[in-house]
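For reference, the structure discussed in these notes is given below.
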């Protein structure tokens, strides 16, 4: 059984245009089905507005999903009582993008790391102290640094504190929403290394959300590519990167600047901009920018189908 | 030579005292060449751009010589500089939304530099603006000219920024992270556009970026900056294949590469020193895996390893271009992978 099983998840938001304007529905996540296996990483990649962050938040029920089912170890999360949800949240934690905004500037690192333990009533004071010191060792923080405040740390260190906080309750699943996007590349690599080490050591599962294709490729076992609220391709990392099927994935990969000046580039340049998620195109939402689009694409919503063993894509031309 | 910068240094006043931001930068840009300036946050790459344009706060202390096409612009008065900025040299900033005026139409903003620098009539200016909008690949130029920045997407706004910068056909274009705020498919469009413009105009471009992928795709030659100094300069292929400075090596080793999955990445331990508390000697010494005694005492000078490859590191010798001290160059190249 998969650790996390999400089926047909929808996350719709209602927005108003202007003060008394018409209500419009933004389909941030529109029928997404994914699974995450124990000890594995699912990478979720896509451009801004594709719904990748909403998907993460929706899974943790930080926002209430509109429709669909989220099963964690077989147990349905949608509609679960607040009490049971709190217990379950011990098992699933989140790491945010901005390590400057996600740590309380008025709390010491010790207080920040202790908060989840207190909330969930873990141990007594002495046990908690031990747990925190053990935790800080894991992320390479010295004991003395625990009484420092977030502003005294660099961005990379802060992100490691964010990771330690997520690990405090010994979760099984961590949803990491752009955890390294705010960091410089040499610091980013430290955080990625740490995440890979911790995964091995603690048998963690990750859902790794990012716009950065090379980072996702590096850390993931399986990759889901999203476009305007839908998964357009999902498969093992090797399949998605070596033999991408969906025209969007192909364009995305060919657009990625590769740090090798001798490489001969054959780029697929997509025309136009990302359509607004509040007013997505008909049929296949990608048809307005797709180099392969035909008349049918504007009419038929392509289902996500298994086109090759273990390789799913949503395109009628594949 | 299009641009010749000699010993440029910059100090900014902070909390009552001047602290050095840039130190002793010397470099050149040829016509038709793209020079990359690469480094991590706080290394001074953006301040280098602003110093060239002399768009600095009042209490900045800028020294050294900047020569643009034979004119020593570093000694020019504000007034004379205004005739050069937007005319002979232009700049594109990272964030197109905050660099455009929300209260003016696209047309007005592109027209501004034409009014300042040319004697074109109103009709001539309008047709030039339309021509520019089409040249940067914007659709329905006739309508767009009267629209406001908020009506445009991020990629379109950056195209407008490029149109503004190109309005007077500058000889030198300085781009400060022009695609960092954009999605990858939009970034590809903008980089493609910049390559086209470069081929058509033969201008010199300075491309400031933190993204080694962008460097590899668009630059001919690269400067690597660390803590306000240039630590390495080389042609782009040479830099990627034969990086010499331990910082450059560390930077390249820390990038996740396509095809290498779940492999331990190289990283650079420690943090960048802050402007107020720069160490004596080499500024990278505290984070360098090859640090020697001399590094902590004496600042290494830029030395020429090859005809067009320079680095500021005590590991190398001017004449042979081979490694000094105990660390052989083989060892050096592999050190970051272990």
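Scanning segment B:223-243 for residues that are under 19 Å from residue B:42 (Cβ atoms) and in contact with a strand residue (DSSP E or B) (Cβ under 8 Å, 6 or more places away or on another chain) yields B:223, B:224, B:225, B:228, B:229, B:230, B:231, B:232. Residues satisfying the criterion are absent from segment A:232-239 (criterion: within 12 Å of chain B (Cβ to nearest Cβ), over 15 Å from residue A:36 (Cα atoms), buried (at least 19 other Cβ atoms within 10 Å of the Cβ) and within 18 Å of the chain's Cα centre (by Cα)).
For residue B:295, the conditions (1) crowded, with 22+ Cβ neighbours inside 10 Å; (2) outside any loop (DSSP other than H, G, I, E, B); (3) in contact (Cβ under 8 Å) with a residue 24 or more places away in the chain are fulfilled apart from (3).
Going by the structure shown, is residue B:197 more than 17 Å from residue B:48 (Cα to Cα), in contact (Cβ under 8 Å) with a residue 24 or more places away in the chain, in a helix (DSSP H, G or I) and more than 12 Å from every other protein chain (Cβ to nearest Cβ)? For residue B:197, the condition - more than 17 Å from residue B:48 (Cα to Cα), in contact (Cβ under 8 Å) with a residue 24 or more places away in the chain, in a helix (DSSP H, G or I) and more than 12 Å from every other protein chain (Cβ to nearest Cβ) - is met. Residues in segment A:11-50 that are part of a loop (DSSP other than H, G, I, E, B) and at pLDDT 95 or above: A:37, A:38, A:39, A:40. Scanning segment B:151-181 for residues that are surrounded by fewer than 20 Cβ atoms within 10 Å (Cβ to Cβ) and part of a helix (DSSP H, G or I) yields a total of 2. The residues of segment B:200-236 that are facing another protein chain (nearest Cβ under 9 Å) and over 18 Å from residue B:30 (Cα atoms), listed by number, are B:210, B:211, B:212, B:213, B:214, B:216, B:217. The residues on offer are A:262, A:288, and the sole one that is free of Cβ contacts under 8 Å to residues at least 40 places away in the same chain and either buried (at least 18 other Cβ atoms within 10 Å of the Cβ) or more than 8 Å from chain B (Cβ to nearest Cβ) (or both) is A:288. Screening residue B:240 on (1) surrounded by 21 or more Cβ atoms within 10 Å (Cβ to Cβ); (2) in contact with a helix residue (DSSP H, G or I) (Cβ under 9 Å, 6 or more places away or on another chain) shows it passes everything except condition (1).
Results for (1) in contact (Cβ under 8 Å) with a residue 40 or more places away in the chain; (2) in contact with a strand residue (DSSP E or B) (Cβ under 8 Å, 6 or more places away or on another chain); (3) surrounded by 17 or more Cβ atoms within 10 Å (Cβ to Cβ), shown as yes or no for each residue.
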| position | (1), (2), (3) |
| --- | --- |
| A:12 | yes, yes, no |
| A:15 | yes, yes, no |
| A:20 | no, no, no |
| A:29 | yes, yes, yes |
| A:34 | yes, yes, yes |
| A:39 | yes, yes, no |
| A:43 | yes, yes, yes |
| A:72 | yes, yes, yes |
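Within segment A:195-211, the residues that satisfy the criterion of being at the interface with chain B (Cβ under 10 Å from one of its Cβ atoms), farther than 20 Å from residue A:73 by Cβ and assigned to a helix (DSSP H, G or I) are A:196, A:197, A:200.
Screening residue A:181 against (1) surrounded by 24 or more Cβ atoms within 10 Å (Cβ to Cβ); (2) more than 9 Å from chain B (Cβ to nearest Cβ); (3) modelled with pLDDT under 95 leaves a single unmet condition, (1). Residues that are out of contact with any helix residue (DSSP H, G or I) (no Cβ under 7 Å at 6 or more places or on another chain) and closer than 18 Å to residue A:199 by Cα were ranked within segment A:123-137; the one that is surrounded by the fewest Cβ atoms within 10 Å (Cβ to Cβ) is A:134. Selection of segment B:165-192 for residues being more than 19 Å from the chain's Cα centre (by Cα) and under 23 Å from residue B:88 (Cβ atoms) yields B:167, B:168, B:169.
When you look at residue B:137, is it in contact (Cβ under 8 Å) with a residue 24 or more places away in the chain and surrounded by fewer than 22 Cβ atoms within 10 Å (Cβ to Cβ), yes or no? Yes: the conditions hold for residue B:137.
The values are calculated or read from the model by the stated rules, or taken from the named source; none is laboratory data. Bear in mind that the values here come from a model prediction, so they are computed numbers and not experimental data. Don't worry about glycine lacking a Cβ; one is built from the backbone with ideal geometry, like all the others, and counts go over all protein chains shown.
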